[in-house]
Every structure is written in structure tokens, then in C-alpha cells.
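The values are calculated or read from the model by the stated rules, or taken from the named source; none is laboratory data. None of the values given here were measured: they were computed from a predicted structure. Positions of Cβ are generated from backbone atoms using ideal geometry, with glycine treated the same way; all protein chains shown enter the neighbour counts.
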Amino acid sequence: MQSTETLLLEAFLKTLHHLSVHTCNAYQRDLSYLQDYCDKNEIERWSDLNGRLLRGFVAARHRQGIGGRSLQRNLSAIRAFFRYLLDQGKVKNNPAEGITAPKTSRKLPKVLDVDQTTQLVEIEGNNNLAVRDKAMLELIYSSGLRLSELVSLDINDIDFNDRILTVTGKGKKTRSIPVGQHAIEAIKNWLKNRRSIAAGEEQALFVSNRGKRISPRSVQQRLKQWAVKQGLPTHVHPHMLRHSFASHMLESSGDLRAVQELLGHTDISTTQVYTHLDFQHLAQVYDKAHPRAHRKKSD
């Protein structure tokens with residue numbers, strides 16, 4: 001592809017500075033796949049890319065084993081890029097409009113049951129890291145936080161009087177969510193220990209043993225270690241606690257809209273996956289309990 005076309009791509013990526021680093025990296029990665037495809041197929045200009053060629057790109061990625069959700073994200077990045085090119089007068093149409101990715105079956109998220117979750121968060125020990133980790137796990141499960149939301153929390157984001165947490169989620173959107181009593185008590189205990197660890201001006205609610213804001217990777221590693229120590233039979237990651245929160249809330253309340261608000265989902269269809277989990281649980285209870293549900297044993 002010509003160098004001028006590469007410069008157009010770089011110029012577009014610079015317009016994304018208002019988005020998160022994660023989102024910018026995803027756009028750059030998705031568009032680099034398209035650029036590689038163009039190079040291999042001797043497509044020299046973005047204006048040469050039409051609907052037929054773009055469908056070929058999607059088909060080629062699909063043959064490589066790329067799932068429908070990833071392909072949808074690829075197409076979303078391409079649409080945004082070509083909207084930019086249209087505004088700049090570099091192309092006459094957007095070839096990605098009207099092209100859809102092949103659908104793939106949606107995998108249900110893995111969750112812990114209530115007993116397993118209780119077993120995980122009931123961490124004993126008075127050392128700094130144990131007290132901190134208990135507070136983090138209690139808070140993730142109490143409020144359904146994403147990992148990125150947890151590590152970005154500052155001390156002033158929590159109102160202990162009203163037991164409300166102000167969270168900055170995807171797209172830098174803020175939401176206020178309640179915090180359970182167990183999590184409040186665990187955080188208060190942690191704050192007593194935090195004073196002896198945190199660097200002087202550090203505002204992060206959760207810090208590492210070096211006194212700085214804890215990293216997402218550290219949280220993942222600590223949770224993995226605690227799952228083993230607490231005797232859980234499965235690998236546990238932070239998002240599994242968020243899934244468990246959503247599943248347990250929906251199972252108890254049946255209020256899909258409320259769970260959507262608590263999770264910070266823009267589209268309720270994202271939240272609806274937990275209704276499938278809820279039904280799956282009910283189906284398992286039915287199969288075990290109903291006298292007419294059991295299949296006859298084969299002779």
C-alpha cells in the first residue's frame with residue numbers, strides 16, 4: 001500500500017486521542033489486519049477497497065478461526081475509518097456499510113455459586129495484603145465491578161455514610177452503585193492498613209506493597225492465588241466475580257433493568273446473557289428435583 005495511504009491511517013488514529021488506550025490499540029490492531037490484507041491483494045489505495053473485497057477480507061479472517069464478535073469489532077473500526085476518509089474527501093463511499101459478520105454462538109460466562117463465592121471472599125489474616133485482597137474481592141462481588149473500574153478507584157470515590165460508590169466505566173461514563181455491608185467493613189479495615197503502605201500523595205483506594213496504585217495484572221494474580229488457597233476447584237478471574245454478582249442479583253430479583261444499571265451496560269442485550277444463566281440454573285434444579293424429569297436408564 002502506498003505511503004500516503006499509511007499516513008491517512010496514522011492521521012485517523014490520532015483523532016482517537018479522546019478514547020481509552022485500550023480502545024485506541026484495538027482500532028490500530030483491527031485496521032492493521034485490513035492493511036495487511038490490502039498489501040497481500042495488491043490494493044494500493046483505500047479508495048480501491050469495495051464491498052466485494054471487504055467481504056473477502058471478512059471471509060479470510062473467518063477462515064482463520066476469528067469469531068463473529070471479533071469480526072464485528074473489525075468492521076466497526078473499518079466503518080469509523082472510512083467515515084473519516086469520507087469527511088476528508090479521500091473516498092466516495094464507505095464499503096463497510098451493510099456488511100455484517102457471521103454470527104457465532106454466544107458462550108455463557110462461567111460463574112461461581114453463592115457458597116463458592118462466600119468461600120472465596122472469606123479471607124482470614126491480618127497482614128496488609130490479606131486485608132487488602134479481602135476488601136478488593138468483597139467490593140468486586142458486592143458491586144459487580146470491572147477490573148479496570150476497581151484499580152482506577154480513588155479514596156474519595158466511596159461514600160461510607162450512604163454506602164455509595166462512584167465508578168468510571170467504559171467510555172469514561174460514571175455511575176453510582178451501592179456497596180454491601182461486608183464490603184464496607186472490609187474496606188474500612190483496609191484503610192487502616194493502607195496508611196502504612198501508600199505513598200504520600202497517592203489517591204488510589206487500592207495500592208501495591210510499593211505504595212502505588214495496584215495494577216490489573218497484580219489483582220488477577222492475587223485472585224488466582226486466593227482461589228487455590230480457599231480450596232476452589234476452578235480457575236477464578238476478576239470478571240468471574242462480576243459475572244457471579246450479575247447472575248446472583250438476577251436470580252434473586254428478576255429485575256433485568258436494575259442489573260443493567262448496576263453493571264453499566266449501555267445495551268440491555270449484553271445483560272440478557274445472564275437470563276440464560278438463570279434459566280440454566282432453573283433447568284438443573286428441575287432435572288434434579290422433578291420426579292418426571294429423569295430419563296429412563298437404558299437396559
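When residue 66 is tested against (1) buried (at least 16 other Cβ atoms within 10 Å of the Cβ); (2) over 30 Å from residue 246 (Cβ atoms); (3) free of Cβ contacts under 8 Å to residues at least 12 places away in the same chain, only condition (2) is not met.
When restricted to residues that are farther than 13 Å from residue 133 by Cα and surrounded by fewer than 13 Cβ atoms within 10 Å (Cβ to Cβ), the stretch 204-214 contains 1.
Of all the listed residues (137, 150), the sole one being of a type outside the set (D, E, K, R) and under 14 Å from the mean Cα position of the chain (by Cα) is 150. In the stretch 215-228 there is at least one residue that is touching a residue at least 60 places away in the same chain (Cβ under 8 Å), out of contact with any strand residue (DSSP E or B) (no Cβ under 6 Å at 6 or more places or on another chain) and outside any helix (DSSP H, G or I).
Matching residues to (1) modelled with pLDDT of 70 or more; (2) exposed (fewer than 11 other Cβ atoms within 10 Å of the Cβ); (3) closer than 23 Å to residue 168 by Cβ:
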residue: 241; (1), (2), (3): yes, no, yes
residue: 245; (1), (2), (3): yes, no, yes
residue: 251; (1), (2), (3): yes, no, no
residue: 257; (1), (2), (3): yes, yes, yes
residue: 262; (1), (2), (3): yes, no, yes
residue: 273; (1), (2), (3): no, no, no
residue: 281; (1), (2), (3): no, no, no
residue: 284; (1), (2), (3): no, yes, no
residue: 290; (1), (2), (3): no, yes, no
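Please tell me if residue 75 is touching a Pro at 6+ places or on another chain (Cβ under 8 Å) and surrounded by 18 or more Cβ atoms within 10 Å (Cβ to Cβ). For residue 75, the condition - touching a Pro at 6+ places or on another chain (Cβ under 8 Å) and surrounded by 18 or more Cβ atoms within 10 Å (Cβ to Cβ) - is not met.
Candidates 251, 201: the one that is without any contact (Cβ under 8 Å) to a residue 60 or more places away in the chain and over 24 Å from the mean Cα position of the chain (by Cα) is 201. Does residue 132 satisfy the criteria of being part of a helix (DSSP H, G or I), outside the structural domain of residue 170 (by TED's automatic domain parsing) and not small (Gly, Ala, Ser)? Judged against the criteria, residue 132 is not a match. Condition check: touching a residue at least 24 places away in the same chain (Cβ under 8 Å) and not acidic (Asp, Glu). Does residue 98 satisfy that? Yes; evaluated as a whole, the condition is true for this residue. Every condition in (1) surrounded by 15 or more Cβ atoms within 10 Å (Cβ to Cβ); (2) touching a residue at least 40 places away in the same chain (Cβ under 8 Å); (3) of a type in the set (Lys, Arg) holds for residue 45 except the one numbered (1).
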